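To start, the structure under review is shown below, and the notes come after it.
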Amino acid sequence: MSAGIDDRRFLIVTGKGGVGKTTVCAALAVHLAGKGKRVLVTMCNAKERLSTMLGSDLVGDEVTSVGPNIWAVNMTQDKALEEYGMLALKSKALYTVLFDNKYVRVFFRAVPGIQEWAMLGKAWWHTTETDASGKTKFDVVLLDAPATGHGLDMLRVPKVIVDVVPPGLLRRDAEAAWKMFQDPKQCGVVLVTLPEEMPTQETIELAAALKNELKLPIAKIVVNGVLPPLFSKEERATLEAVPPFEPTDSGSAALLSGQARATRERVQAESLARLSMELPVRPAFFPLLFEDAANPGSIRELAKRV
Ligand SMILES: Nc1ncnc2c1ncn2[C@@H]1O[C@H](COP(=O)(O)OP(=O)(O)O)[C@@H](O)[C@H]1O
Ligand SMILES: [Mg+2]
């Protein structure tokens, strides 16, 4: 049995660049915090925009509060690696001795995927982090995953470490993380997409790779930027059937705009139908807001759609 989006401890938000991953992270954070969860949003060395969305101070590489029950951190590889080294060695002095050694540095950096793991591992580690009284610090950690290539590169890394790195602390942590990532009660991937042809195709491929190759559970699909339909199916067909022409007055220019809108709505309807048919999870729809969504009011609106 898989859990709903509200009950998981680690959510990986992924999708192509610009589709609205950070917007969805912000909306998810507000939604979950509203349910009384303590939420941490982790970003991967991002050009930080979350603070604009939530109306907080800029988020750096230390965990900071960005709203009621919401914290955030913009992770960097070097800082994350340093923290990991210190955590592993339980001593700053020992870390300095070891990691200021050029050979150790070179060796550590040669571990396959270590740069990605530094951040993914840190994000995962925050799910295990406890306060002084032994209580878990965060109920849920969101990972605003990088938009590299297929979005899968980072998620492949723990498996690579489990497969190729000799036993030891690094492999132990990667194994624990990988086990959690695959458990649909605890973890899930949130796929963000747009109601357009290419993103739809890529999302279906991404979902297949998650299912078949990585065996990671999908917690949710968010279709972002959905237009309210102005035309019925018949009206769309009528508009699209008008042959190309040069507009001569405002009436014919309006007809051309209507035609363009009809095409967009048709592509959207086709994309939504495909996504609903081919994906294992029913999508949530985020409307295309009239103004840019990067402000707290818009994020609160979108949070209601989770
Ligand atoms: N539903 C929406 N309506 C209006 N603007 C949006 C919407 N979703 C995202 N945006 C805007 O689009 C831009 C890209 O969104 P962002 O979440 O930063 O994408 P990503 O993190 O995937 O690169 C931002 O300026 C954001 O405010
Ligand atoms: Mg982003």
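What to note about this one:
- Positions within the stretch 188-201 being of a type in the set (Val, Ile, Thr) and either in contact with a Phe, Trp or Tyr (Cβ under 9 Å, 6 or more places away or on another chain) or in a strand (DSSP E or B) (or both), in sequence order: Val189, Val190, Val192, Thr193
- Residue satisfying condition, being basic (Lys, Arg) and not in a helix (DSSP H, G or I), within set Lys211, Lys185, Lys159: Lys185
- Test: Lys16 is in a loop (DSSP other than H, G, I, E, B) and under 14 Å from the mean Cα position of the chain (by Cα): yes
- Subset of the stretch 1-18 [among the β-branched types (Val, Ile, Thr) and open to solvent by less than 10 Å² (accessible area, probe 1.4 Å)]: Ile12, Val13, Thr14
- Any chance Glu205 is away from ligand 2 (no atom under 16 Å from the Cβ), within 24 Å of Pro146 (Cα to Cα) and open to solvent by 60 Å² or more (accessible area, probe 1.4 Å): yes
- Just one of the listed residues (Arg300, Arg305, Arg264) is open to solvent by 80 Å² or more (accessible area, probe 1.4 Å), more than 21 Å from Glu197 (Cα to Cα), assigned to a helix (DSSP H, G or I) and in contact (Cβ under 8 Å) with a residue 12 or more places away in the chain, and it is Arg300.
- Within the stretch 208-240, tally of residues that are open to solvent by 30 Å² or more (accessible area, probe 1.4 Å) and β-branched (Val, Ile, Thr): 1
- Meets criteria (among the small types (Gly, Ala, Ser), modelled with pLDDT under 95 and within 12 Å of ligand 2 (Cβ to nearest atom)) for Ala26: no
- Answer from Ala46, Ala27, Ala33 - the residue that is farther than 22 Å from Ala177 by Cα, in contact (Cβ under 8 Å) with a residue 12 or more places away in the chain, open to solvent by less than 10 Å² (accessible area, probe 1.4 Å) and more than 11 Å from the chain's Cα centre (by Cα): Ala27
- In this entry, Ala253 is excluded by the filter for residues that are part of a helix (DSSP H, G or I), closer than 22 Å to Val162 by Cβ, open to solvent by less than 60 Å² (accessible area, probe 1.4 Å) and modelled with pLDDT under 95.
The values are calculated or read from the model by the stated rules, or taken from the named source; none is laboratory data. Since the structure is predicted, the reported quantities are computational estimates derived from the model, not experimental observations. Cβ sites come from the backbone with ideal geometry, for glycine too, and all protein chains shown count toward neighbours. Note: accessible area is taken over every heavy atom of the protein model, side chains too, but ligands, DNA and RNA are not part of it. Shrake-Rupley method; radii C 1.70, N 1.55, O 1.52, S 1.80 Å.
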